[in-house]
Amino acid sequence: MDSVDAPGPAASLVSDVFARACTSREAFEGVTSRWSSLVLLALGEGPHRFGELRRRVEGVSERMLAQALRGLERDGLVSRADAGTIPPRVDYALTPLGEAVATGLRDLADVLEAAVPAIDRARVDYDAR
C-alpha cells in the first residue's frame, strides 16, 4: 500500500503550530510573548509571589504581569495557589508542562546570553552599513 493511501489520524487530531486554528499555535504565541517568556524563566528558578515576580522581571508593569500570568495559567503552564490569608498571599509555580516549556526557554536564554559579544558585534556591523 502506498503511504499516500495509508489511513492516518483525522486532520482535526493533528497538532501543527503552523496551522492558524491549532491550539498549539495560540499557546506558542502566548509563551513567546516577551513577558510570558520571562515569567516562565523566573518561575523555572522556583515558585514566586506576584511582587517577587515583578521585581525579578525588570520593566514589567503590574497589568502586563497579571495578563501574562492569567494566560499561562489558562494554558496549564502555571499554577496559582491562594493561601486565603490577610494580607493576601498568592504563589505562582510551574506545572509539569510549564517546567518542560521553561526548560526549553532556559536553553534558548543560555545560548543568547553566551552570544552577547557576537550579537553586539553583529549589531555594530549592521548599524555601520
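Take the residues in the stretch 50-73 that are among the small types (Gly, Ala, Ser) and over 13 Å from Gly30 (Cβ atoms), then tell me which one is surrounded by the most Cβ atoms within 10 Å (Cβ to Cβ). Quick ask: steps written out before the conclusion?
The first filter runs over the stretch 50-73 and keeps only residues among the small types (Gly, Ala, Ser), leaving 51, 59, 61, 66, 68, 71.
Retained after the next criterion (residues that are over 13 Å from Gly30 (Cβ atoms)): 51, 59, 61, 66.
On the way: Gly51: 11, Gly59: 9, Ser61: 10, Ala66: 14.
Residue satisfying both the conditions and the ranking: Ala66.
Restricted to the stretch 74-113, and to residues there that are in contact (Cβ under 8 Å) with a residue 40 or more places away in the chain and not in a helix (DSSP H, G or I), the residue that is surrounded by the most Cβ atoms within 10 Å (Cβ to Cβ) is Leu77. Looking across the stretch 96-129, just one residue is over 17 Å from Ser33 (Cα atoms) and touching a Leu at 6+ places or on another chain (Cβ under 6 Å), and that is Leu97. Across the stretch 114-129, the qualifying residues are those that are among the small types (Gly, Ala, Ser) and part of a helix (DSSP H, G or I), and the one among them that is farthest from His48 (Cα to Cα) is Ala128.
Values quoted throughout were computed directly from the atomic coordinates according to the rules given, and no laboratory measurement underlies them. Please read all numbers here as calculations on a predicted model, not as lab measurements. Glycine gets a Cβ as well: all are built from the backbone with ideal geometry, and neighbour counts include every protein chain shown.
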